[in-house]
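Just below is one structure, and these are the notes that go with it.
What follows draws every value from the coordinates through simple rules; no lab data is involved. Note that this is a predicted model, so its numbers are computed, not measured. Don't worry about glycine lacking a Cβ; one is built from the backbone with ideal geometry, like all the others, and counts go over all protein chains shown.
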């Protein structure tokens with residue numbers, strides 16, 4: 001083997017070595033990714049049933065004295081579990097809007113004869129407008145369950161009939177400042 | 001080394017894609033979701049709603065009030081006890097009448113009304129009545145020559161009707177094995193109304209005491225019962241008085 005041939009081999013070896021070094025350097029380089037988790041602010045509400053019924057039992061109607069209160073017969077026990085989920089800071093409220101109940105013949109049971117209380121608290125009377133029945137601050141850790149208890153107060157002058165009304169249950173978060 | 005790296009890259013890429021998706025969804029909500037809410041049905045009968053600041057679910061509130069009539073008698077026994085000559089307030093108020101009944105004020109609901117033996121009652125202070133038409137009887141037997149003695153008792157009857165067009169009536173029925181009261185009368189007064197006369201309960205007469213064509217009631221009716229003593233023998237005589245509250249609609253009533 002001639003000296004020039006060996007020199008060329010050494011040159012090729014050096015180039016390969018440099019290439020390997022460069023290649024090793026490339027293999028150890030790192031890329032950085034920004035991971036963002038953007039969870040929307042939401043407030044949710046859910047109820048297991050949508051009908052609150054007062055099927056007045058003839059065994060207890062008319063009562064000994066008026067006015068008399070009758071718990072809702074549906075859901076069982078007269079209690080509606082309302083679940084609220086809120087994942088944002090701030091105060092949120094639960095509102096109920098209870099208009100007067102109306103029979104098919106036009107007879108009315110005034111809104112203030114429908115009573116509701118939350119988690120065994122004081123009884124509140126409906127008044128036909130959105131009323132705050134519960135207030136809470138901050139996000140809920142999970143679904144927050146509120147027990148809404150309904151009662152119907154009869155004063156004795158209600159004509160027989162089938163009464164109905166649509167009630168709105170609203171969970172609303174107050175705007176932040 | 002390359003495989004885990006590739007996996008991590010894929011995971012990051014997927015996360016980035018999800019992030020982009022979330023950002024897109026947020027943008028959509030920011031434009032369209034506030035203040036409206038999305039309402040979803042839940043199984044089996046529930047419902048849910050979600051919004052950025054507001055969520056609303058509807059409820060249906062229903063109440064069923066069946067047609068109901070009810071009478072409440074404070075007692076099942078009304079006694080005119082004339083023994084021992086004691087005619088205090090605990091027994092009955094008796095007056096000496098003229099003998100014959102007098103028609104008063106025509107008729108009510110087709111039933112002629114009378115003043116038994118010429119006696120009558122008026123409501124002084126609800127539910128107290130004052131008896132007129134003759135001197136009060138202070139002892140029994142009555143003085144010789146007395147044409148008739150009429151004794152009155154009253155009670156408050158609880159009346160409940162959640163239907164319009166109801167009617168309260170009374171009828172006399174015999175008590176098996178007991179001599180009947182020969183002359184018994186019944187009347188009624190509603191608070192703040194002028195009372196009329198009384199209706200003699202004889203034979204198959206069903207006396208209409210109150211007739212209402214308007215709204216339901218949850219009130220009281222003052223019932224006045226009178227007996228006219230004349231030729232009754234000593235001993236006990238009795239009559240069953242049946243009060244009936246009935247709505248005009250078909251066979252619907254209570255006794």
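Counting neighbouring beta carbons within 10 Å and listing from fewest to most, the residues B:151, B:94 come out as B:151, B:94.
Report note on the peptides A:64-75, A:141-152, A:119-130: ranked by the mean count of other C-beta atoms within 10 Å, highest first, their order is A:141-152, A:64-75, A:119-130. Counting Cβ atoms of other protein chains within 10 Å of each Cβ in A:34-42 and taking the mean gives 6.
In terms of its C-alpha gyration tensor, segment B:97-255 comes out prolate, because a/c is 1.5 or above and the ratio a/b outweighs b/c. When only Cα pairs below 8 angstrom with a gap of at least 6 residues are kept, segment A:25-125 shows a relative contact order of 23 percent. Give me Rg/Rg_expected for segment A:25-155, where Rg uses Cα atoms only and Rg_expected = 2.2 N^0.38 Å with N residues. Compactness ratio reported: 1.63. A simple packing score, the average count of other Cβ atoms within 10 Å per residue, orders the peptides B:187-198, B:123-134, A:104-115 as B:187-198, A:104-115, B:123-134, with the highest score first.
Counts of other chain beta carbons within 10 angstrom of each beta carbon in peptide B:92-98 average 0. 222 nm [θ] for chain A, helices only, -39500 (n - 2.57) per DSSP H run of 4+, per residue, to 500? Counting only the DSSP helices, I get -5000 deg cm²/dmol.
Each principal axis of the Cα cloud of segment B:158-243 was taken in turn, and the coordinate range along them, longest first, works out to 46, 26, 19 Å.
Look at the alpha carbon pairs under 8 Å that are at least 6 residues apart: their mean separation over the length of chain A gives a relative contact order of 27 percent.
Taken over the C-alpha atoms, segment B:91-158 has Rg and Dmax values of 13.1, 40 angstrom. The mean count of C-beta atoms from other chains within 10 Å of the C-beta of residues in A:50-60, rounded to a whole number, is 4.
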